[in-house]
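Read the figures in this text as sums done on the coordinates, not as results from a lab. Model, not experiment: these values are computed from the prediction. Counting neighbours? That spans all protein chains shown, and the Cβs are built from the backbone with ideal geometry, glycine included.
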Amino acid sequence: MDIKAKIRTIPDHPKPGILFRDITTLLQDAAGFRKAVDELVQPHAGVRIGKVAGIEARGFILGGAVAHQLSIGFVPVRKQGKLPGKTIGQEYELEYGTDCVEIHADAIEKGDQVLLVDDLIATGGTAAAAIQLIERAGGVVVGSSFVIGLPDLGGQARLEAMGQKVRTLVEFEGE
């Protein structure tokens, strides 16, 4: 099965000139969703990982499924102000301004081995912030896995420059 063929491209979303890579069509296809989750899990089977961290929002779907398959806990990485209780956050630069991602203060314990999961790696800003946040919380990010890579935008190279092992299931050229 070709995972890439199950991903819909929507031109000019969210603004003109952008090709939005939409995984909802992959998620709707039971066999495609299963194959994507299996391929995200397979390299980590038997590896000592304590938690999966998934980035809002599609990373929740994929990360939750990966955590379930690995029989480990799941940590949501959310936009600022969305989690109840005490949180810690990490700001990061956007093209115009800054944003912040947060996790619960008690979500990661010192030395926890964490796998980061999301649907797509583009410029890598959010993923880099999530990695920094997990490390500040005491965790060790053992890998970063994405269904889609957009290599022309430099996100994978950015994470690799941080010492991260990055896995993508498919790649799309351009934006």
Need the full-extension length gain, Q28 to E173, defined as separation in residues times 0.36 nm minus the C-alpha distance. One decimal, nm.
49.8 nm
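Under a Cβ-only charge scheme (Lys and Arg +1, Asp and Glu -1), can you give me the dipole magnitude of the chain about the Cα centre, in debye to the nearest 20?
Values: 19 positive and 23 negative charges, 100 e Å.
So the magnitude is around 480 debye.
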Show that you can apply the helix-only estimate: for the chain, add -39,500 (n - 2.57) for every DSSP H stretch of four or more residues, divide by all residues, and state [θ] at 222 nm to the nearest 500.
-8000 deg cm²/dmol
Which net charge results when you count Lys and Arg as +1 and Asp and Glu as -1 among the other residues whose beta-carbon is under 12 Å from that of L83?
+1
Could you order peptides 12-22, 41-51, 158-168 by the average number of other Cβ atoms within 10 Å of their residues, highest first?
158-168, 41-51, 12-22
Return the equivalent ellipsoid semi-axes of the chain as a descending list in whole Å, where each equals the square root of 5 times an eigenvalue of the C-alpha gyration tensor.
24, 20, 15
For the stretch 1-105, Kirkwood radius (reciprocal of mean inverse C-alpha pair distance, Å):
15.7 Å
Which residues qualify? For G73, with a placed amide H closer than 5 Å and at least 5 residues away or on another chain, they are V52
I need the Debye-formula profile for the stretch 69-134: one equal scatterer per C-alpha, no solvent, reported as log10 I(q)/I(0) at q = 0.28 1/Å, two decimals.
-1.39
For a quick check: with amide H placed at 1.01 Å from N, whose amide H comes under 5 Å from I18's, ignoring anything fewer than 5 positions away on the same chain?
D12, H13
If you stretched the chain out fully between A161 and I18, how much longer would it get, using 0.36 nm times the residue separation minus the C-alpha to C-alpha distance?
48.9 nm
Using the Karplus curve 6.51 cos²θ - 1.76 cosθ + 1.60 with θ = phi - 60°, what ³J(HN,Hα) values do you get for each residue of the stretch 103-117, in whole Hz, with x for Gly and Pro?
10, 5, 4, 9, 6, 10, 9, 3, x, 4, 8, 10, 9, 8, 9
Amide hydrogen neighbours beyond the local backbone of Q113, cut-off 5 Å, H modeled:
G50, K51, V140
Once you put a point 7 Å from the Cα of D38 and another 7 Å from the Cα of E109, both along the Cβ direction, what distance in nm separates them?
3.3 nm
